[in-house]
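The values are calculated or read from the model by the stated rules, or taken from the named source; none is laboratory data. Please read these numbers as outputs of a predicted model, since none were measured by experiment. Heads up, the Cβs are rebuilt from the backbone with ideal geometry, glycines too, and the neighbour counts pull from every protein chain shown.
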Amino acid sequence: MATARRTLGERVTGELPDGIAALGEDDQQYLADALGAAKRSQREELAAAAEDSLRYVPKLLRGPVRKAVGL
């Protein structure tokens, strides 16, 4: 399933700096894709770190702790 590619203007709040706005459409799309990939990577790493932190919680409490913190 293909996902729609978001433009740089959709990914960034506020106005784009003049230097970025002056870039061509292809360059802006490349930057938007790079930002999306970085956010995805960050989201995945944070989820993995949260799951990894549960190793320090006793096994019997992991379910309730997972539910309490929204994992």
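Scanning region 1-59 for residues that are exposed (fewer than 10 other Cβ atoms within 10 Å of the Cβ) and β-branched (V, I, T) gives T3, T13.
Is one or more of the residues making up region 37-46 closer than 27 Å to G70 by Cβ and at pLDDT below 90? No - not one qualifying residue is present in region 37-46.
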